[in-house]
Structures are given as structure tokens and as C-alpha cells.
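Asks: Take a look at the following structure, please.
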Amino acid sequence: MTSTIISGFLTYTLITALTPGPNNILALSSVNQYGLRRSIRVLMGMSAGFLVLMLVCGAFTFTLISLLPSLTRWLVWIGAGYILWLAWRIASRSPTTSNGSGHPLSFWVSFWLQFANVKIILYGITALSAFVLPYTQDIFWVTAVSILLAVIGCVGNLVWALAGHLFQSLFRRHGQVVNLVLALLLVYCAARMFF
């Protein structure tokens with residue numbers, strides 16, 4: 001892997017992990033409403049589900065590429081298309097706030113919610129098919145990157161949980177500018193997949 005591919009991978013994964021999404025909003029909402037201590041089970045369930053889902057994405061993508069190697073180039077184009085769509089959605093989105101009600105979710109509810117989270121499913125498949133499998137089909141690296149994707153995603157959730165109030169006020173004041181910068185970085189990331 002070249003430094004260009006690694007920088008594109010890190011740009012994509014960090015932006016995806018830190019932009020608003022179902023997990024980040026859930027972490028923000030739970031911690032804001034119930035505090036960090038009462039939200040630990042929610043965060044742990046999300047993290048465990050995220051890890052399992054990234055390993056499933058790794059196995060799925062690896063199997064698909066192993067059976068049909070010609071799909072690699074198509075998956076890169078699909079991944080780039082998804083990244084550009086995500087950039088457009090982020091740029092056109094108005095700043096969000098969250099407000100939860102009731103009691104914090106259980107470990108298992110937050111665990112199983114990961115399997116309905118299209119953002120992280122596409123995050124895993126896109127990262128693996130665009131930045132890993134075109135360069136290596138070694139199962140060790142696919143598994144290692146799947147675990148790395150889960151760690152990066154969980155760090156994003158933790159950042160939102162720990163700094164939820166700060167992010168919420170930042171998005172209220174400068175949400176459109178932040179979204180535009182993140183969208184432009186994603187466009188850069190999509191372009192780097194081809195150069």
C-alpha cells in the first residue's frame with residue numbers, strides 16, 4: 001500500500017467515524033440525557049456489535065472478491081460513488097441536535113441495532129473493497145483492517161459521547177461550515193482512490 005492509499009483510507013475512516021450518524025447521535029443523546037456512567041452499557045453494546053459487524057463485512061467482502069476477482073474494480077467505483085453521495089448528504093444537511101427520552105438502551109439492543117445501521121455496513125464494505133482488497137487478499141490483513149475499522153468507529157462513538165455537549169453547540173453555531181469542510185474532505189478521499 002502506498003502512502004496515498006493509506007492517507008485516503010484514514011481520511012475516509014476518520015471522517016465517516018466522526019460525522020453524525022446513528023451511532024454517534026445515539027452516543028451523544030444517551031450521555032447527554034443519562035450521563036456517561038448510565039450509558040456505559042449502550043456504548044459497550046455498540047462497540048461489540050460494531051466489531052462483529054466489521055468482521056462480517058470483512059468476511060463478506062473477502063469472499064466476494066475471492067469468488068469474483070473482477071468485482072474489485074467495480075467495488076472501488078461503487079465505494080467512490082458512495083463516498084461522493086455521503087459528501088453530498090453531509091454538505092446539504094442542516095446541523096442536527098438530538099433529544100432522547102425514556103431510559104438508556106440495554107447492551108443487547110444497542111448491539112443488535114448495529115446490524116440495521118446502513119452507514120457502518122457501507123463504511124466497512126467501502127473501506128475494505130476500495131482501500132484493502134485491491135492491494136492484498138491476505139486474510140490476516142483483511143481481518144486486521146476489519147478490527148481497525150471497528151476501533152476507529154468506536155473511537156468516533158466515544159468522542160461523541162465524551163464531547164457531546166461541545167459538538168452539539170459547535171454544530172448549532174457552525175454546522176453548515178463544518179459539514180461543508182467534511183464533505184470536501186470526502187470528495188478528496190474519493191478522488192485519491194483513483195490516483
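Asks: Could you work out how far apart the two model spin labels at Arg73 and Trp88 are, taking each label as a point 7 Å from the Cα in the direction of the beta carbon, and quote it in nm?
Replies: So the label points at Arg73 and Trp88 sit 2.4 nm apart.
Asks: May I pose another question? Just report the Cα centroid separation between the stretch 102-129 and the stretch 31-65, whole Å.
Replies: The stretch 102-129 and the stretch 31-65 have Cα centres separated by 6 Å.
Asks: Averaging over every viewing direction, what projected area does the convex hull of the Cα atoms of the stretch 20-70 cover, in nm²?
Replies: 4.2
Asks: Between Ile139 and Ser66, 0.36 nm times their residue separation minus their Cα-Cα distance comes to what?
Replies: That works out to 25.2 nm of additional length.
Asks: Full extension from Arg37 to Leu162: what is 0.36 nm times the residue separation minus their Cα-Cα distance, to one decimal in nm?
Replies: 43.9 nm
Asks: Roughly to the nearest percent, how much of the accessible area of the stretch 13-71 is carbon and sulfur, given a 1.4 Å probe?
Replies: 75
Asks: Which whole-number value in Å² is the accessible area per residue of the stretch 1-72, probe 1.4 Å?
Replies: Per residue, the stretch 1-72 has an accessible area of 45 Å².
Asks: Over the Cα atoms, compute the radius of gyration (one decimal) and Dmax (the largest Cα-Cα distance, rounded to a whole number) for the stretch 1-86, in Å.
Replies: Reported Rg and Dmax, both Å: 16.5, 49.
The values are calculated or read from the model by the stated rules, or taken from the named source; none is laboratory data. Because the structure is predicted, anything quoted here is derived from the model rather than measured. With ideal geometry, Cβ positions are generated from the backbone for all residues, glycine too; neighbour counts draw on all protein chains shown. Accessible surface is based on the protein model in full, side chains and every heavy atom, while ligands, DNA and RNA are left aside. Shrake-Rupley method; radii C 1.70, N 1.55, O 1.52, S 1.80 Å.
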